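Below is one structure, written out as structure tokens; comments come after it.
None of the figures in this text is laboratory data; all of them are computed from the coordinates on show. Fair warning: this is a prediction, and the values are worked out from it, not measured in the lab. Positions of Cβ are generated from backbone atoms using ideal geometry, with glycine treated the same way; all protein chains shown enter the neighbour counts.
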Amino acid sequence: MEIQPPLVLKRQLLVPNKTLMGPGPSNCSQRVLDAMANPVLGHLHPECLQIMDEIKEGIKYAFQTKNDATMCVSGSGHGAMEAALCNLLEEGDIALFGVTGFWGHRAADMAKRYGADVRFLESRFGHALTMEEVEFAMEGHKPQVLFICQGDSSTGIVQSNIGEIGKLCEKYNCLLVVDTVASLGGTEFFMDEWKVDVAYTGSQKVLCAPPGISPISFSKKAMSRIISRSSKVKSYYWDATLIGQYWNCFGGSRIYHHTIASTLLYGLRESLALFAGMGLKSVIRRHKECSFRLQKGIEDMGLELLVPVQDDRLATVTAVKIPKGVDWRKVSEYAMKKYFFEISGGLGPTADHVFRIGLMGENATAEKVDLMLTILREAILNTSNITLNEKSKI
Ligand code: GLV
């Protein structure tokens, strides 16, 4: 044999315990981690299927939906994004992408690969889309699908008018896809009431489960569009009708679609149980209160938030402008080396311009906010020559 067993694999596995306060993943609770240490089950074993049924109930609660076609895709939030788009879109379909940062462009990239005629609706930088902007674009483009990211983690912008956008989509006979990967649990979301046709989220944000399994739900209207497609969904793996049969969404017998990671199911099941136990309203309230505390602390320090309008600020991810004379990489490295504490840089249009601070699930507490402010202040002062307001000292 030319290739010998690698020496690195003889060493013990090393995983440091970091405080994950970037845009996600966030830290898992001990209950979630313990759950994942349970034995692996077969993907069609009755106990595994029972856990999947329980997860479906948890997702319906989190999305506030009665949709039968509620399931998970085995993949990160990107997988759910791809599943949403490739199921709805056929060659030449017009798809309009709301852009408040990075994610509208990422979704459009996927849609293009599935042959859609992609159009953009860009917000004023740092602001959410207004209803006038959305209506103008809908009138002009007459899309079959409108994509909106409820919480853009690159800018920390929240789109709070999804309910009104839903009504508009109904008027224009357009399917509404909403990305709630970074926002669900940190802000209100009412899938049925707001007439959202496809919603998906990430397990690794407010829910505090590991990434790799992503909740997604399709309205009746979305499912009938999928069923009446003139061409097959181009991806077998993301085909909602097949995944839905495995998740027992439509009655009939379950099929073997893929081998699901049972350990991820245990983690997600427990994270949804914790979430449901705390109650949606109280989780949202806590995230909002923590984000107000963080915003005040940041401004007291003399730093500036990227998003100027309070109502456009996402509770789960806050973007803070990097002041002149500060190198975000050095700040981030300082916090990580000294405290195993994550302070993230920007993404896409905000790369090198902002710090991104995540307050999600376990990390959305007043204590963690104060810890973030203390470490951020110390890291900036120790890696640059700038001064910060005294007022911010915790
Ligand atoms: C991932 O979700 C990110 O915003 O970096």
Gap separating the Cα centres of the stretch 136-154 and the stretch 1-56, nearest whole Å: 36 Å
Longest to shortest principal axis, alpha-carbon extents of the stretch 317-394, angstrom: 32, 32, 24
Listed pairs Lys18/Lys195; Lys56/Lys234; Lys221/Lys288 exceeding 29 Å between Cα atoms: Lys18/Lys195; Lys221/Lys288
Dipole magnitude of the stretch 308-394 about its Cα centre (Cβ charges: Lys, Arg +1; Asp, Glu -1), debye to nearest 20: 260 debye
Alpha carbon convex hull of the stretch 63-119, volume per residue in cubic angstrom: 104 Å³
Packing-based ranking, highest mean first, of 9-20, 105-116, 211-222 given that Cβ atoms within 10 Å are counted: 211-222, 105-116, 9-20
Shape category assigned to the stretch 92-206 from the gyration tensor of Cα positions, a/c cut at 1.5: rounded
For the stretch 79-86, 3J(HN,Hα) per residue [Karplus equation, 6.51 cos²θ - 1.76 cosθ + 1.60, θ = phi - 60°, Hz, x = Gly/Pro]: x, 5, 4, 5, 4, 4, 6, 6
For the chain, with +1 on Lys and Arg beta carbons and -1 on Asp and Glu, the positive-most of Val196, Ile51, Ser384 along the dipole: Ser384
Packing rank of 292-304, 312-324, where each peptide gets the mean count of other beta carbons within 10 Å, highest leading: 312-324, 292-304
Relative contact order of the stretch 42-130, pairs being alpha-carbon contacts under 8 Å that are 6 or more residues apart, as %: 22 percent
Cα-projected label distance for Asn385 with Ile3, points at 7 Å along beta-carbon direction, nm: 5.2 nm
The stretch 1-84 shape via C-alpha gyration tensor axes, a/c threshold 1.5: prolate
Residue with peak Gaussian network fluctuation, the chain [Cα springs, cutoff 10 Å], from Gly279, Gly252, Gly186: Gly252
Relative contact order (percent, whole number), the stretch 136-224, Cα cutoff 8 Å, 6+ residue spacing: 24 percent
Dipole magnitude of the chain, debye to nearest 20 (Cβ charges: Lys/Arg +1, Asp/Glu -1, about Cα centre): 580 debye
Shape call, the chain: gyration tensor on alpha carbons, a/c limit 1.5: oblate
Top positive-direction residue, dipole computed over the stretch 242-302 with Cβ charges, set Gly297, Leu274, Thr263: Leu274
Farthest positive-ward along the chain dipole, Cα basis, beta-carbon charges - from Gln310, Cys86, Gly186: Gly186
Cβ-placed point charges (K, R +1; D, E -1), dipole of the stretch 1-134 about Cα centre in debye, nearest 20: 640 debye
The chain: calculated mean residue ellipticity at 222 nm from DSSP helix runs of at least 4, using -39500 (n - 2.57): -12000 deg cm²/dmol
Average Cα contact separation per residue, the chain, under 8 Å, 6 or more apart, as relative contact order %: 24 percent
